[in-house]
Amino acid sequence: MVRQGIKFGLVGIANTIVDIALFNVLLFLTGITSGPWLSLFKASSYSAGIANSYIWNKRWTFQSTRTARVGEIGKFVGISGGALLVNVGTASFLIDVLGLQLGVTGIAWTNFSALVATLAAFVVNFAGYKWLVFKA
């Protein structure tokens, strides 16, 4: 399971790179940096990262050889959405409810909270993908 966790983390890094790279390519090609098109660009680039995540986690991290089914993809999207809620909820709780802690500045606490939220979402995603989406 540790090996899968490491692979999962590497896939997460790759997903982020896909997302940011595609987003910046779209910005560069169009020169658009605000407005409704920006939201469409971000949705497209994030979706590309999610597609990358599905492919690599299915084949490499969890080594599932089953043919993709609508239910599997639906579960994947559902788990990803749940992890997004955990991420935002955790960060919001730490920042807005708990407030500044440990004698650090606001920006340091915000970044620390974002890191904790990312780790919480990582656990939700990993467990959900392993035991619900790509289970053997």
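Throughout, read-outs are computed from the coordinates displayed, never taken from laboratory work. A quick note: this is a predicted structure, and the numbers were derived from the prediction, not measured. Cβ atoms come from the backbone with ideal geometry, glycine included; neighbour counts cover every protein chain shown.
3J(HN,Hα) along the range 36-47: x, 5, 4, 5, 5, 4, 5, 4, 5, 5, 5, 4 Hz, from the Karplus curve 6.51 cos²θ - 1.76 cosθ + 1.60 with θ = phi - 60°, whole Hz, x for Gly and Pro. For the chain, the dipole from Cβ point charges (+1 on Lys and Arg, -1 on Asp and Glu) about the Cα centre works out to 660 debye, to the nearest 20. Note on the chain: GNM, Cα springs under 10 Å; of 89, 99, 78, the largest mean-square fluctuation is that of 99. What number comes out for the charge environment of residue 76, summing +1 per Lys or Arg and -1 per Asp or Glu over other residues with Cβ under 11 Å away? Here the count lands on +2. Across the range 68-77, computed HN-Hα scalar couplings (Karplus, 6.51 cos²θ - 1.76 cosθ + 1.60, θ = phi - 60°) run 4, 10, 4, x, 5, 5, x, 4, 4, 5 Hz from first to last residue, x flagging Gly and Pro. Were the residues from residue 2 through residue 111 laid out at 0.36 nm apart, the gain over their Cα-Cα distance would be 36.6 nm.
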